[in-house]
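Since the structure comes first, as structure tokens, the remarks are kept for the end.
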Amino acid sequence: LGDEAVVDLYGQPTLLLHGDTLCTDDVDYQNFRAMVREPQWQQEILSKSLYGRIQYAQELREKTTEAVKEKSAEIMDVNQEAVIEAFERHQLQHMIHGHTHRPDQHVFTHDGKEYSRVVLSDWDKCAHYYAVFDDGRSEVVELGIEESLGTKVKAQTVKVALASLLVRLMIFKN
């Protein structure tokens with residue numbers, strides 16, 4: 001999928017997107033996003049050894065964690081004008097995204113039309129999915145990873161397994 005994809009969700013045209021493009025007030029993040037999508041930057045990263053890439057990713061994660069601590073919640077959330085612009089650009093009234101990690105279903109009215117924006121969480125401490133039922137109901141459902149797997153140790157094991165799979169895929173790619 002590209003940055004934005006429109007799918008038919010049981011008869012309802014729905015925009016699927018990561019959600020980061022909607023956080024237009026976070027200028028530092030938008031600059032970072034633009035940088036990592038540059039082919040030259042990607043080539044530079046891919047030219048590093050696997051160990052070098054992992055080390056660089058860890059450094060970025062640490063910097064990101066520190067930067068997030070200093071940002072207000074409003075800056076890291078979606079910009080409502082960007083949300084409306086995305087709805088209007090695709091001429092639809094329903095979207096699903098993540099990135100802000102504030103799971104909920106937001107319904108609002110603009111120019112006499114009702115819009116629905118579903119936000120899904122990251123899958124770290126808990127996971128959320130969007131359920132659509134036969135009778136037309138829909139809801140964001142929480143699936144506690146620690147609860148569903150039984151213990152925190154098992155949750156860590158899943159993270160290690162996923163990281164291991166990612167490393168294998170990176171090796172296979174090269």
What's the total number of residues in segment 19-42 that are touching a residue at least 24 places away in the same chain (Cβ under 8 Å) and open to solvent by 80 Å² or more (accessible area, probe 1.4 Å)?
1
Do you know which of the residues in segment 43-55 that are in a helix (DSSP H, G or I) and touching a helix residue (DSSP H, G or I) at 6+ places or on another chain (Cβ under 7 Å) is most open to solvent (accessible area, probe 1.4 Å)?
Leu50
Being assigned to a helix (DSSP H, G or I) and touching a Cys at 6+ places or on another chain (Cβ under 7 Å): is that true of Tyr29 here?
yes
Residues to consider are Ala131, Ala155, Ala163, Ala82; find the one that is of a type in the set (A, V, I, L, M, F, W, C), assigned to a helix (DSSP H, G or I) and modelled with pLDDT of 80 or more.
Ala82
Within segment 57-73, which residues are open to solvent by 60 Å² or more (accessible area, probe 1.4 Å) and within 18 Å of Pro103 (Cβ to Cβ)?
Val68
Taking segment 94-107 and keeping only residues that are without any contact (Cβ under 8 Å) to a residue 24 or more places away in the chain and at negative phi, one is left with His106, Val107
Anything in segment 82-128 that is surrounded by 15 or more Cβ atoms within 10 Å (Cβ to Cβ) and aromatic (Phe, Trp, Tyr)? List them, or say none.
Phe87, Tyr115, Trp123
If we keep just the residues of segment 1-12 that are over 18 Å from Tyr129 (Cα atoms), in contact (Cβ under 8 Å) with a residue 12 or more places away in the chain and of a type outside the set (A, V, I, L, M), which is least open to solvent (accessible area, probe 1.4 Å)?
Glu4
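The values are calculated or read from the model by the stated rules, or taken from the named source; none is laboratory data. These figures come from a predicted structure and were not determined experimentally. Note that each Cβ is placed from the backbone with ideal geometry, even for glycine, and that neighbours are counted across all protein chains shown. Only protein heavy atoms, including side chains, enter the accessible area calculation; ligands, DNA and RNA are left aside. Shrake-Rupley method; radii C 1.70, N 1.55, O 1.52, S 1.80 Å.
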